[in-house]
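Participant: The structure follows.
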Amino acid sequence: MKRYGSFTAVDGISLRVRVGEFFGFLGPNGAGKTTSINAIVGLARTSGGAIRIFGHDNRTQWRQARRLIGLSPQEYNFDRYLSLRDVLIFAAGYYGLHGKAIAERADMLLERFGLSAHAHLEYTKISGGQKRRLSLARALIHQPSLLILDEPTAGVDVELRLELWEWLRKLNADGLTVFLTTHYLEEAEQLCRRIAIVRDGRIVTEKPTEELVADGASLQDVFLELTRS
Amino acid sequence: MLGNPFGLWTLVKREMIRSLKIINQVIWPPIITTLLYVFVFGLALGSRIPNVQGVSYAQFLIPGLIMLQVIDSSYGECSSSLFQGRFMNSIQELLIAPMSALEIVAGYVLGSLARSFLIAGLITGLGIVLVHIAPSDWPLYVSVIAMVSVLFSALGLIFGLVADKFDHIAILTTFIITPLTFVGGVFTSATMLPPALRSLELFNPIFYTIDAFRRSYTGESYLDPAFSLGMIALLAAIALATILRMTAIGYKLRT
């Protein structure tokens, strides 16, 4: 639960994401998606309830919990004084990781996300699509077990969106648990095995994707029906 | 709790890189300002002033000018870096990482300490070359710089958190730190002041810093340096405890 004064942003959301799952967390603007993510990663203090990351309470065992999470936030928040390569190396450093293995992993991620040619540029010199890819690379640098993506394809062109989907599928296939919020319902339908839909800070449904879109209804129809005032 | 020392060290490195990236904004200006003070006040006007604390006026100025720049640099480094991190959201990188409030505060403070020692070292070098004066009590020199830098770095972090816009950061420097520094003994010895003003100086915390620091150069001070160091340590402890508490509860950092 998360309250801001008398306003309740998240009201008793209770859900369990299974290990290795690709989980969709959908809802209209202001439904409480980003607040929920902030509570999971520790950017928001909850007003009640508990959050466990692979069994670690994110309040009492916050170090263990945070080491397991990689976050690609909705808005870019890179360090403006660092090159792309250093963005990754310093991010790993904040997790206590360093050395040759991290430098190699940073180079591997830059290569994998097509950013090697820009490794020594500052992030202000690269395009929006490249920033999205950098955000994903940074979220993965410390080898998290849970990847949280807050609208990872917002503002990117169709080609890059499809490319990102492919990468996300591969990461999930490799065993990474993915928690995705997006406004692109076809994205959630394509990628997620299970979906929760929130409205006014409450979960209105949580089902496997194929059950949600059974009977020929599209995810968009279901979403609109459940979230329309 | 220091459970992630490499995370702390990464933040220190990040702060040092930031200082070097904006070198024309944070390293050269204090050096050039000091040069101007030495030439105008020390060498030009100072030749008309008799010896102070057993040294020429230009030599007397050097420790005060070092303190002036250490105070300014420590406060500016921490307040602007933290505020910028909040403004650009890049601070979220630290907040989601497994770093405690102590590690975050220590990272900023140690980064600021490194910058302070760099600036102090450069001005000390200028003092040796231009007016032929060097510290005679190095342990006191290092202790005062370190304690003053910690005090003003912690104050900078407090204001970097409290501020809602860049303008707010300047309030403390414009209305409190700069006036208190200028009347705190950068340009004058306490013995030059009338007795009434001399007593008032005891209410100026910056007076303690300059008085103790000047002793590391001239061997003379108005107050017992142990008392001055105790005052600075007390203020630094209060400021550090305040910013640690603010960071731990996530004041203006976590919603």
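The values are calculated or read from the model by the stated rules, or taken from the named source; none is laboratory data. Since the structure is predicted, the reported quantities are computational estimates derived from the model, not experimental observations. For neighbour counting, all protein chains shown are included, and Cβ atoms are generated from backbone atoms with ideal geometry for every residue, glycine included.
Participant: Anything in region A:73-95 that is surrounded by fewer than 21 Cβ atoms within 10 Å (Cβ to Cβ) and in contact (Cβ under 8 Å) with a residue 60 or more places away in the chain? List them, or say none.
Facilitator: Selection gives A:74 alone.
Participant: If I filter region B:8-25 down to residues being of a type in the set (D, E, K, R), in contact with a helix residue (DSSP H, G or I) (Cβ under 7 Å, 6 or more places away or on another chain) and over 16 Å from residue B:97 (Cα atoms), which single residue comes out as farthest from the other protein chains (Cβ to nearest Cβ)? Walk me through how you get there before you give the answer.
Facilitator: Taking region B:8-25 first, the residues of a type in the set (D, E, K, R) are B:13-15, B:18, B:21.
Retained after the next criterion (residues that are in contact with a helix residue (DSSP H, G or I) (Cβ under 7 Å, 6 or more places away or on another chain)): B:14-15, B:18.
When the remaining residues are screened for being over 16 Å from residue B:97 (Cα atoms), the result is B:15, B:18.
Numbers: B:15: 10, B:18: 5 Å.
The residue in question is B:15.
Participant: Hey, among B:73, B:80, B:100, B:90, which residue is within 13 Å of chain A (Cβ to nearest Cβ), within 19 Å of residue B:177 (Cβ to Cβ) and not basic (Lys, Arg)?
Facilitator: Values: B:73 fails: within 13 Å of chain A (Cβ to nearest Cβ); B:100 fails: within 19 Å of residue B:177 (Cβ to Cβ); B:90 fails: within 19 Å of residue B:177 (Cβ to Cβ).
Matching residue, one of B:73, B:80, B:100, B:90: B:80.
Yes/no matrix, rows are residues, columns are (1) closer than 14 Å to residue B:186 by Cβ; (2) buried (at least 23 other Cβ atoms within 10 Å of the Cβ):
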residue: B:48; (1), (2): no, no
residue: B:62; (1), (2): yes, yes
residue: B:72; (1), (2): yes, no
residue: B:77; (1), (2): no, yes
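Participant: List, please: which pairs have Cβ atoms under 7 Å, are six or more places apart or on different chains, and start with a residue in region A:167-183 that is assigned to a strand (DSSP E or B) and end with one that is of a type in the set (Asp, Glu)?
Facilitator: A:177/A:21; A:181/A:150; A:181/A:151
Participant: Can you tell me which residue is surrounded by the most Cβ atoms within 10 Å (Cβ to Cβ) among those in region A:54-71 that are more than 11 Å from chain B (Cβ to nearest Cβ) and more than 17 Å from residue A:19 (Cα to Cα)?
Facilitator: A:59
Participant: Consider region A:195-220. How many of its residues are in contact (Cβ under 8 Å) with a residue 40 or more places away in the chain and either in a loop (DSSP other than H, G, I, E, B) or farther than 23 Å from residue A:9 by Cβ (or both)?
Facilitator: The initial filter retains those residues of region A:195-220 that are in contact (Cβ under 8 Å) with a residue 40 or more places away in the chain, namely A:195-203, A:206, A:209.
After this cut, where a residue has to be either in a loop (DSSP other than H, G, I, E, B) or farther than 23 Å from residue A:9 by Cβ (or both) as well, the list is A:200-201, A:209.
Number satisfying all stated conditions: 3.
Participant: Restricted to region A:1-53, and to residues that are farther than 23 Å from residue A:227 by Cα and away from every other protein chain (no Cβ under 14 Å), which residue is surrounded by the most Cβ atoms within 10 Å (Cβ to Cβ)?
Facilitator: Among those residues, the one meeting the criterion is A:21.
Participant: Next up: Looking at (1) in contact with a strand residue (DSSP E or B) (Cβ under 9 Å, 6 or more places away or on another chain); (2) surrounded by fewer than 20 Cβ atoms within 10 Å (Cβ to Cβ); (3) aliphatic (A, V, I, L, M), which one does residue B:2 not meet, given that it meets all the others?
Facilitator: Unmet for residue B:2, out of (1) in contact with a strand residue (DSSP E or B) (Cβ under 9 Å, 6 or more places away or on another chain); (2) surrounded by fewer than 20 Cβ atoms within 10 Å (Cβ to Cβ); (3) aliphatic (A, V, I, L, M): (1).
Participant: Let me ask another. Inspect all residues belonging to region A:125-142 and state whether any of them is buried (at least 16 other Cβ atoms within 10 Å of the Cβ) and more than 19 Å from the chain's Cα centre (by Cα). If you could, list the steps in order and put the result at the bottom.
Facilitator: Taking region A:125-142 as the starting set, the residues that turn out to be buried (at least 16 other Cβ atoms within 10 Å of the Cβ) are A:126, A:129-142.
Next, only the ones that are more than 19 Å from the chain's Cα centre (by Cα) stay: A:126.
Yes: one or more hits.
Participant: Ok, one more. Among the residues of region A:140-157, which ones are closer than 20 Å to residue A:87 by Cα and acidic (Asp, Glu)?
Facilitator: Result: A:150, single match.
Participant: For region B:114-130, does any single residue satisfy the condition of being closer than 25 Å to residue B:233 by Cα, surrounded by fewer than 18 Cβ atoms within 10 Å (Cβ to Cβ), without any contact (Cβ under 8 Å) to a residue 12 or more places away in the chain and out of contact with any helix residue (DSSP H, G or I) (no Cβ under 9 Å at 6 or more places or on another chain)?
Facilitator: yes
Participant: Right, next: Any residue that is in the same structural domain as residue A:8 (by TED's automatic domain parsing), part of a loop (DSSP other than H, G, I, E, B), within 20 Å of the chain's Cα centre (by Cα) and in contact (Cβ under 8 Å) with a residue 24 or more places away in the chain - is there at least one of those in region A:47-61?
Facilitator: Yes, there is a match, as at least one residue in region A:47-61 is in the same structural domain as residue A:8 (by TED's automatic domain parsing), part of a loop (DSSP other than H, G, I, E, B), within 20 Å of the chain's Cα centre (by Cα) and in contact (Cβ under 8 Å) with a residue 24 or more places away in the chain.
Participant: Given the conditions (1) assigned to a loop (DSSP other than H, G, I, E, B); (2) under 26 Å from residue B:6 (Cα atoms), which single one is not true for residue A:139?
Facilitator: It is condition (1) that residue A:139 fails.
Participant: Here is a further query. Only residues that are part of a helix (DSSP H, G or I) and among the small types (Gly, Ala, Ser): list them for region B:124-151, please.
Facilitator: Residues of region B:124-151 part of a helix (DSSP H, G or I): B:124-131, B:138-151.
B:125, B:127, B:143, B:146, B:149, listed by residue number.
Participant: Output the number of residues of region B:14-53 satisfying the condition of being of a type outside the set (A, V, I, L, M, F, W, C) and touching a residue at least 12 places away in the same chain (Cβ under 8 Å).
Facilitator: Of the residues in region B:14-53, the ones of a type outside the set (A, V, I, L, M, F, W, C) are B:14-15, B:18-19, B:21, B:24-25, B:29-30, B:33-34, B:37, B:42, B:46-48, B:50-51, B:53.
Narrowing the set further to residues that are touching a residue at least 12 places away in the same chain (Cβ under 8 Å) leaves B:14-15, B:18-19, B:30, B:33-34, B:37, B:42, B:46, B:53.
Counting residues in region B:14-53 that are of a type outside the set (A, V, I, L, M, F, W, C) and touching a residue at least 12 places away in the same chain (Cβ under 8 Å) gives 11.
Participant: Okay, next question. Which residues, taken from region A:77-104, are in a loop (DSSP other than H, G, I, E, B), closer than 19 Å to residue B:4 by Cα and facing chain B (nearest Cβ under 7 Å)? So that I can check it myself, show each step before the final result.
Facilitator: Filtering region A:77-104 for residues in a loop (DSSP other than H, G, I, E, B) gives A:77-82, A:95-99.
From what is left, the residues that are closer than 19 Å to residue B:4 by Cα are A:95-99.
Across region A:77-104, the qualifying residues are A:95, A:96, A:98.
Participant: Kindly indicate whether residue B:55 is buried (at least 19 other Cβ atoms within 10 Å of the Cβ) and either over 19 Å from residue B:187 (Cα atoms) or of a type in the set (Asp, Glu) (or both). Break it down stepwise before answering.
Facilitator: Details: buried (at least 19 other Cβ atoms within 10 Å of the Cβ): yes; either over 19 Å from residue B:187 (Cα atoms) or of a type in the set (Asp, Glu) (or both): no.
No.
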